[in-house]
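Let me begin by presenting the structure, written as structure tokens, before commenting on it.
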Amino acid sequence: MSGLDRRSFLRNVSVAGAGVMLAITLGGCGRTAPPPWPNRREGVLQPNAFLQLLPDGSVVFTIAKTEMGQGVMTGLATLVAEELGIDPRALKCEFAEPHPDYVDPEYHSMVTGGSNSLRINFDTLRTAGAALREMLRAAAAREWQAPLADCIAGDGEVRLRDGSRRAGWGELAATAATLEVPHGLPLKPREDWRLIGHHDARVDAPSKVDGSARFGIDVAVPGMLTAVMVRCPQFGGRLRRCDPERTLAVAGVRRVLEFETAVAVVADGYWQASRGAGVLGVEWDAGPLDGVDSAAITAAQRERLHDEGRVVREEGEAPDPQRIARTLNVEYRVPYLAHAAMEPLAAVAVVGDGRAEVWAGNQGPDILQALIARRLDIPRAAVRVHSLPAGGAFGRRTYMEFVLEAVDIAAAMAAPVKLIWSREDDMRHDRYRPAALAAMRADFGADGALLAWEARIVCPSVVSGMVPLIAPLLLPDAIPAAIADPFEVLAARWDPMNTEGASGIPYRLPRVRIESLLYDPDVPVGVWRSVGNSQNAFFSESFVDEVAHALGEDPLQFRLGRLGSEAPERRVLELVAEKSRWGQAPAGVFQGVAVLACFQTTVAEVVEVELVAGVPRVRRVVCAVDCGTVVNPDVVRMQLESAVVFALSAALYGEITIRDGAVEQGNFDDYPLLGIDECPAIESHFVASEASPTGIGEPGVPPLAPALANAVFAATGRRVRELPIMRAFSTGNPT
Amino acid sequence: MTVEFVLNGRAVRIEGEGERPLLWALREDLGLTGTRFGCGRGLCGACTVHVDGVAVRSCSLPLAGVAGRAVTTIEGLGASVPHAVQRAWLEENTPQCGYCQSGQIMSAAALLAADPAPDDAAIDRAMAGNLCRCGTYPRIRRAIHRAAALLAAEAAS
Ligand code: FES
Ligand code: FES
């Protein structure tokens with residue numbers, strides 16, 4: 001890329017994919033003239049959207065999901081490589097540009113999210129690999145006039161069973177290209193798998209230890225300028241007046257551009273731009289959140305409990321009030337949380353001549369393409385989106401306004417521009433995990449029996465914020481995006497994410513009632529690793545512990561005693577109990593347990609804490625997971641470790657607070673992340689399964705906070721109903 | 001002003017303002033993007049490089065401060081053969097998103113140069129300022145112990 005000038009980038013847009021088509025699309029039946037695959041090289045054998053065989057025999061694998069640390073490249077490469085019979089690390093992996101053949105069938109877009117990548121690609125990519133393998137075998141059989149059954153593929157070659165002939169894949173490509181792409185191929189039976197269930201080495205690791213990995217923030221194009229933005233700190237506030245004089249006097253600053261809610265400073269480099277931004281004279285008009293702070297939001301949430309919400313689950317008869325001898329009625333609360341991915345948001349944009357080209361770590365390249373096309377009022381085909389590995393995302397890069405900002409600035413400058421968000425921008429202008437509040441209630445009879453369980457959850461809709469993102473992609477260009485508004489309104493009336501993690505409570509209870517009360521204080525919210533599950537599991541699984549203690553039952557036995565024999569929660573709870581030696585912790589060590597099924601995966605965690613000067617310290621976390629077939633065991637372990645550390649940072653310290661309509665925190669000093677010195681030992685155990693693989697990027701997050709709060713109760717007798725936990729143990733609070 | 005220093009074993013000259021942090025000179029002027037920007041305030045460690053063998057945060061080090069000194073970045077650490085730390089990192093399957101890893105590896109290499117057999121407490125002290133949002137800490141710890149063993153074996157042979 002770096003050798004090309006801006007003109008040739010733009011020219012490449014028009015010639016991309018113009019090479020001779022050698023093959024038909026994998027799912028091409030019945031479709032008329034599908035557009036050419038955008039990542040296609042010339043002179044290659046390409047049996048389907050995902051694989052290209054190069055003349056030298058190497059294989060390019062086009063990945064239609066975002067690698068953001070979760071190991072999806074390795075997982076998907078393992079599926080293809082299993083059928084090809086090669087080392088996944090031998091594949092040349094690259095990220096897909098937008099094309100219908102890369103669309104996720106569940107999301108109708110190329111979104112990466114919902115922990116579904118391995119699940120939905122399990123058959124598709126094995127089939128893609130098998131197709132290429134079979135074409136090469138068939139080509140060898142034709143060239144050698146040998147029976148197909150005697151032509152064996154693997155390790156980059158095809159050989160005749162008796163060893164008398166062998167040919168590299170590159171040598172067979174020309175003959176293979178004359179063959180039809182086979183369909184309906186049988187896949188390797190499970191007992192023949194060499195990689196699935198065994199391969200551990202990440203395909204992206206080498207470039208990440210030698211520094212050569214390139215993220216969005218690392219992209220450079222010739223003639224590129226660097227921009228930063230000075231944003232209105234208050235949500236919904238607008239620019240009133242800007243005085244650029246001092247900024248323009250800073251060496252290296254080229255221009256100051258005014259936008260509705262921000263001012264861009266464009267300079268020769270990041271430091272020059274941020275110095276210029278630091279001296280910008282700017283005044284803002286207050287927005288609708290003027291004067292609003294976190295306490296007011298909490299008060300309004302509490303107020304909302306007086307309303308009737310939407311009952312999302314109701315089972316069993318409401319107990320006769322006469323029978324209720326005792327009620328446990330408590331409030332749980334969680335704060336806003338930032339994603340704080342380690343790579344600050346950044347994008348490079350080149351705009352001009354009715355075309356646009358962008359580079360960014362993003363969680364939905366085709367959504368981004370449609371958004372840019374609308375913004376510039378140009379056809380989607382005139383927008384090229386290059387996806388790069390993301391230095392973390394956790395849901396944040398589903399929202400791609402940072403790329404649109406880069407596009408706006410590049411258009412105004414008529415020059416290539418890299419926009420870099422500062423850490424403070426990232427912290428103060430996120431789409432936060434919502435602050436939420438739950439009223440939990442349990443009724444008990446005179447005999448002590450549990451009569452009823454109720455959860456009433458106050459939280460804004462996260463789904464409604466997705467609608468404006470996805471609408472431009474799904475609606476034809478001719479229809480205005482405003483037509484999506486009614487859907488947004490609908491989503492704002494009932495959003496299943498609002499109660500997910502609480503509504504599916506799996507225990508046999510005489511009466512269950514779950515109610516969703518939407519309340520939106522207009523602080524931007526978004527999907528954050530595991531979404532609604534992240535807070536609702538804390539509410540629900542902590543309250544399970546409270547109820548168990550109220551009944552005088554062991555919290556683990558309480559759960560097991562109310563789960564069906566086939567419940568997935570039972571299997572992981574039994575495994576985690578065994579591996580953690582539940583109930584047999586050494587003196588001074590206290591255990592807590594929680595379990596949740598989400599993204600079709602079930603995870604149970606036991607957290608062990610000890611008290612250091614009265615303050616809880618997590619020493620070990622034991623995870624048990626049922627995620628179907630484990631494709632890369634060590635990558636699954638990594639994801640559980642990652643989820644535990646991510647959730648532990650949030651549970652111990654994570655808190656974004658609002659003051660006068662703006663976020664108070666700005667960097668890692670006031671939004672601390674867990675460090676290595678606080679990281680517990682983390683163990684992962686798998687339930688043996690032959691089911692298809694299910695999600696692993698998110699499901700490790702939700703059980704951590706409740707398991708920790710339950711362990712803290714075991715250790716201290718204090719029931720923490722409000723996160724972050726360390727707030728209850730900071731100086732001044734009795735322990 | 002002109003700042004001259006040794007970068008990954010070769011003499012370099014950079015024209016520009018002496019207060020500009022080394023990080024941006026590395027990334028923007030020299031194209032060495034392996035050194036990452038994470039916070040800009042010395043709070044995350046993503047930008048860690050070695051100056052005369054000591055781990056420093058390049059986001060907070062003015063360019064003028066490296067005049068006449070030797071700077072090593074991730075690109076220079078294992079330029080000829082991968083450093084033991086890098087090998088150990090691969091063997092422990094350490095990186096996830098990878099963004100913090102250059103800084104982690106530079107801090108770990110500096111630690112091992114000063115303390116060839118660090119215990120867990122020494123690892124905590126040396127590495128606590130290197131944040132990893134992906135939570136690779138358990139593997140970083142194991143990788144440092146493994147790298148210490150690799151280096152000891154190299155020294156013995
Ligand atoms: S970028 Fe230098 S310490 Fe964070
Ligand atoms: S590997 Fe992602 S921040 Fe450390």
Q | Considering residues of the range A:224-248 that are part of a loop (DSSP other than H, G, I, E, B) and away from chain B (no Cβ under 14 Å) only, the residue nearest to A:Ala410 (Cα to Cα) | A | A:Pro244
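Quick check: is even one residue across the range A:633-647 away from chain B (no Cβ under 14 Å) and buried (at least 24 other Cβ atoms within 10 Å of the Cβ)?
Looking for residues that are away from chain B (no Cβ under 14 Å) and buried (at least 24 other Cβ atoms within 10 Å of the Cβ), one finds none in the range A:633-647, hence no.
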**Q.** Contacts under 9 angstrom Cβ, first residue in the range A:341-356 being over 30 Å from A:Pro672 (Cα atoms), partner within 16 Å of ligand 1 (Cβ to nearest atom) and not in a strand (DSSP E or B), 6 or more apart
**A.** none
Q: Look through the range A:535-576, keep the residues that are open to solvent by less than 10 Å² (accessible area, probe 1.4 Å) and among the polar types (S, T, N, Q), and return whichever of them is farthest from A:Met440 (Cα to Cα).
A: A:Gln535
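Taking the criterion of being in the same structural domain as A:Gly316 (by TED's automatic domain parsing), out of contact with any strand residue (DSSP E or B) (no Cβ under 9 Å at 6 or more places or on another chain) and under 26 Å from A:Leu648 (Cβ atoms), would at least one residue in the range A:526-538 satisfy it? Reasoning before the result, please.
The first filter runs over the range A:526-538 and keeps only residues in the same structural domain as A:Gly316 (by TED's automatic domain parsing), leaving A:526-538.
With the extra rule that they be out of contact with any strand residue (DSSP E or B) (no Cβ under 9 Å at 6 or more places or on another chain), the set shrinks to none.
No, that holds for no residue.
When you scan the range A:207-235, how many residues do you find that are open to solvent by 50 Å² or more (accessible area, probe 1.4 Å) and either hydrophobic (A, V, I, L, M, F, W, C) or touching a residue at least 40 places away in the same chain (Cβ under 8 Å) (or both)? Outline the logic, then answer.
Keep residues of the range A:207-235 that are open to solvent by 50 Å² or more (accessible area, probe 1.4 Å), which gives A:210, A:212, A:214, A:220, A:222-223, A:233.
With the extra rule that they be either hydrophobic (A, V, I, L, M, F, W, C) or touching a residue at least 40 places away in the same chain (Cβ under 8 Å) (or both), the set shrinks to A:214, A:220, A:222-223, A:233.
Looking only at that region, the number is 5.
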Q. Exactly one of (1) surrounded by fewer than 24 Cβ atoms within 10 Å (Cβ to Cβ); (2) in the same structural domain as A:Val544 (by TED's automatic domain parsing) is unmet by A:Ala412. Its number?
A. (2)
Q | So A:Gly654, is it over 23 Å from A:Phe729 (Cα atoms), open to solvent by less than 10 Å² (accessible area, probe 1.4 Å) and in contact with a strand residue (DSSP E or B) (Cβ under 7 Å, 6 or more places away or on another chain) | A | no
Q. Out of (1) within 16 Å of ligand 1 (Cβ to nearest atom); (2) without any contact (Cβ under 8 Å) to a residue 60 or more places away in the chain, the odd one out for B:Cys100 is which?
A. (2)
**Q.** Selected residue (criterion: nearest to the other protein chains (Cβ to nearest Cβ)) from residues of the range A:62-115 that are open to solvent by 10 Å² or more (accessible area, probe 1.4 Å) and over 25 Å from A:Leu368 (Cα atoms)
**A.** A:Arg89
Q: Return only the number of the condition from (1) modelled with pLDDT under 95; (2) surrounded by fewer than 18 Cβ atoms within 10 Å (Cβ to Cβ) that A:Pro510 does not satisfy.
A: (1)
Q) In the range B:1-17, is there at least one residue being closer than 30 Å to A:Pro633 by Cβ, of a type in the set (Asp, Glu) and more than 8 Å from chain A (Cβ to nearest Cβ)? A) no
Q) Does the range A:245-260 contain at least one residue that is under 30 Å from A:Arg119 (Cα atoms) and not assigned by TED's automatic domain parsing to the domain that holds A:Gln639? A) no
Q. Would a scan of the range A:336-344 turn up a residue that is aromatic (Phe, Trp, Tyr), touching a Leu at 6+ places or on another chain (Cβ under 8 Å) and either within 16 Å of ligand 1 (Cβ to nearest atom) or at pLDDT 95 or above (or both)?
A. no
Q.
Any residue at all in the range A:719-727 that's assigned to a helix (DSSP H, G or I) and more than 22 Å from A:Val636 (Cα to Cα)?
A. yes
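Among residues belonging to the range A:297-330 that are of a type in the set (A, V, I, L, M) and part of a strand (DSSP E or B), point out the one that is surrounded by the most Cβ atoms within 10 Å (Cβ to Cβ). Write out each step before concluding.
Going residue by residue through the range A:297-330, those that are of a type in the set (A, V, I, L, M) are A:297, A:299-300, A:305, A:311-312, A:318, A:324-325, A:328, A:330.
Subsequent filtering for residues that are part of a strand (DSSP E or B) retains A:311-312, A:324-325, A:328, A:330.
Details: A:Val311: 11, A:Val312: 20, A:Ile324: 14, A:Ala325: 13, A:Leu328: 16, A:Val330: 16.
Among residues in the range A:297-330 that are of a type in the set (A, V, I, L, M) and part of a strand (DSSP E or B), the one surrounded by the most Cβ atoms within 10 Å (Cβ to Cβ) is A:Val312.
Would you mind stating whether A:Arg423 is under 23 Å from A:Ser534 (Cα atoms) and either in contact (Cβ under 8 Å) with a residue 24 or more places away in the chain or within 14 Å of chain B (Cβ to nearest Cβ) (or both)?
Numbers: under 23 Å from A:Ser534 (Cα atoms): no; either in contact (Cβ under 8 Å) with a residue 24 or more places away in the chain or within 14 Å of chain B (Cβ to nearest Cβ) (or both): yes.
No: the conditions fail for A:Arg423.
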**Q.** The one condition in (1) more than 14 Å from ligand 1 (Cβ to nearest atom); (2) closer than 17 Å to B:Phe5 by Cβ that B:Val51 fails to fulfil
**A.** (1)
**Q.** the range B:18-39 - residue that is touching a Phe, Trp or Tyr at 6+ places or on another chain (Cβ under 9 Å) and assigned to a loop (DSSP other than H, G, I, E, B) and, of those, farthest from ligand 2 (Cβ to nearest atom)
**A.** B:Glu19
Q) Conditions: (1) within 18 Å of A:Ala415 (Cα to Cα); (2) assigned to a strand (DSSP E or B); (3) open to solvent by less than 60 Å² (accessible area, probe 1.4 Å). A:Arg255 meets all but one. Number of the miss? A) (3)
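Would you pick out the residues in the range A:613-632 that are in contact with a strand residue (DSSP E or B) (Cβ under 8 Å, 6 or more places away or on another chain), assigned to a loop (DSSP other than H, G, I, E, B) and surrounded by 24 or more Cβ atoms within 10 Å (Cβ to Cβ)?
The one that is in contact with a strand residue (DSSP E or B) (Cβ under 8 Å, 6 or more places away or on another chain), assigned to a loop (DSSP other than H, G, I, E, B) and surrounded by 24 or more Cβ atoms within 10 Å (Cβ to Cβ): A:Cys627.
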Q | Subset tally (residues that are in contact (Cβ under 8 Å) with a residue 40 or more places away in the chain, in a loop (DSSP other than H, G, I, E, B), away from chain B (no Cβ under 14 Å) and open to solvent by 10 Å² or more (accessible area, probe 1.4 Å)) for the range A:357-399 | A | 1
(Q) If B:Ser157 meets every condition in (1) among the polar types (S, T, N, Q); (2) more than 15 Å from ligand 2 (Cβ to nearest atom); (3) touching a Lys or Arg at 6+ places or on another chain (Cβ under 7 Å) apart from one, which number is that one? (A) (3)
Q) Among A:Val256, A:Val292, A:Val250, which is the only one that is under 31 Å from the mean Cα position of the chain (by Cα) and among the β-branched types (Val, Ile, Thr)? A) A:Val292
Q. Out of the range B:11-26, which residues are without any contact (Cβ under 8 Å) to a residue 24 or more places away in the chain, charged (D, E, K, R) and more than 14 Å from A:Asp268 (Cα to Cα)?
A. B:Arg13
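Does B:Ala64 count as away from ligand 1 (no atom under 16 Å from the Cβ), aliphatic (A, V, I, L, M) and either outside the structural domain of B:Gly9 (by TED's automatic domain parsing) or without any contact (Cβ under 8 Å) to a residue 12 or more places away in the chain (or both)?
Details: away from ligand 1 (no atom under 16 Å from the Cβ): yes; aliphatic (A, V, I, L, M): yes; either outside the structural domain of B:Gly9 (by TED's automatic domain parsing) or without any contact (Cβ under 8 Å) to a residue 12 or more places away in the chain (or both): no.
It is false that B:Ala64 is away from ligand 1 (no atom under 16 Å from the Cβ), aliphatic (A, V, I, L, M) and either outside the structural domain of B:Gly9 (by TED's automatic domain parsing) or without any contact (Cβ under 8 Å) to a residue 12 or more places away in the chain (or both).
Being part of a helix (DSSP H, G or I) and of a type in the set (Lys, Arg) is the filter here, so list the residues in the range A:528-564 that pass it. Write out each step before concluding.
Residues of the range A:528-564 that are part of a helix (DSSP H, G or I), as a first pass: A:532-550, A:555-561.
Within the range A:528-564, just A:Arg559 meets the criteria.
Scan the range A:182-223 for residues that are part of a helix (DSSP H, G or I) and away from chain B (no Cβ under 12 Å) and jot them down.
A:Arg190, A:Glu191, A:Asp192
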Q) Is it true that B:Thr94 is assigned by TED's automatic domain parsing to the domain that holds B:Ala46 and either touching a residue at least 40 places away in the same chain (Cβ under 8 Å) or away from ligand 1 (no atom under 15 Å from the Cβ) (or both)? A) no
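The values are calculated or read from the model by the stated rules, or taken from the named source; none is laboratory data. Note that the structure is predicted; figures quoted are calculated from it, not measured. Note that each Cβ is placed from the backbone with ideal geometry, even for glycine, and that neighbours are counted across all protein chains shown. Note: accessible area is taken over every heavy atom of the protein model, side chains too, but ligands, DNA and RNA are not part of it. Shrake-Rupley method; radii C 1.70, N 1.55, O 1.52, S 1.80 Å.
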